[in-house]
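Since the structure comes first, as structure tokens, the remarks are kept for the end.
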Amino acid sequence: MSRRASIPPCSEEDRKTLETWSRSKTMESRLVDRARIVLGCLAGEPVSQMARRLRVRPNTVIDWRGRFAREGPAGLRDRARSGKPVQYGTDFRKQVLQLLEQPAPPGQAHWDGPAVAERLHTSVHAVWRVLRKEGICLSRQRSWCVSTDPEFTAKAADMGY
């Protein structure tokens with residue numbers, strides 16, 4: 001006879017939250033699985049059976065059940081982890097974009113990655129990452145052919161050129 005999971009205390013509001021999470025198609029799958037684990041515990045399902053059904057180890061079921069009992073639904077979310085701090089955040093992004101609005105350096109027709117990096121005293125790779133993320137191509141040139149369409153200007157404006 002397998003052991004039954006102890007039933008953690010759970011309010012009706014927390015149960016509704018867990019049921020919503022367990023049916024979600026857009027939330028992280030880890031959080032959905034954790035909600036299903038706790039709901040199984042609340043239903044009195046045996047640990048081994050729940051572990052088999054959800055394809056996790058029995059210790060995983062026990063750990064998440066304990067965290068839910070201590071912290072409630074908030075305990076099912078991932079905790080902050082240590083790691084390398086963000087070196088180039090939103091301030092750096094703003095600096096790059098503001099610099100691109102200024103006139104190009106002397107002797108250049110437009111800004112390029114190395115010039116931006118040199119002006120900001122940073123890595124060229126960091127500048128390129130910001131530009132790629134923003135969809136900015138510094139060397140793109142656009143040209144037009146002559147059109148005889150009388151509505152060409154309006155059509156071009158609709159396309160965003």
Residues in the stretch 128-140: is at least one surrounded by 15 or more Cβ atoms within 10 Å (Cβ to Cβ) and basic (Lys, Arg)?
yes
Show me the helices (runs of 4 or more DSSP H) entirely contained within the stretch 60-161 in which 1 or more residues are within 29 Å of the chain's Cα centre (by Cα).
90-101, 113-120, 124-134
For the stretch 88-123, how many residues meet the condition of being under 17 Å from Gly135 (Cβ atoms) and small (Gly, Ala, Ser)?
1
Within the stretch 38-60, residues being closer than 17 Å to Glu12 by Cα and crowded, with 21+ Cβ neighbours inside 10 Å number 3
Against the condition crowded, with 17+ Cβ neighbours inside 10 Å and of a type in the set (Asp, Glu), how does Asp63 come out, does it pass?
no
Considering the stretch 111-127, residues that are under 30 Å from Ala156 (Cα atoms) and touching a helix residue (DSSP H, G or I) at 6+ places or on another chain (Cβ under 7 Å), and then whichever is surrounded by the most Cβ atoms within 10 Å (Cβ to Cβ), we arrive at Trp111
With the requirement that a residue be surrounded by 14 or more Cβ atoms within 10 Å (Cβ to Cβ) and of a type in the set (Lys, Arg), what does the stretch 71-110 give you?
Arg93
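Bear in mind these aren't lab numbers, they're just calculated from the coordinates by the rules spelled out. Just so it is clear, the model here is predicted, and its values are computed rather than measured. Positions of Cβ are backbone-derived with ideal geometry, glycine not excepted, and every protein chain shown enters the neighbour counts.
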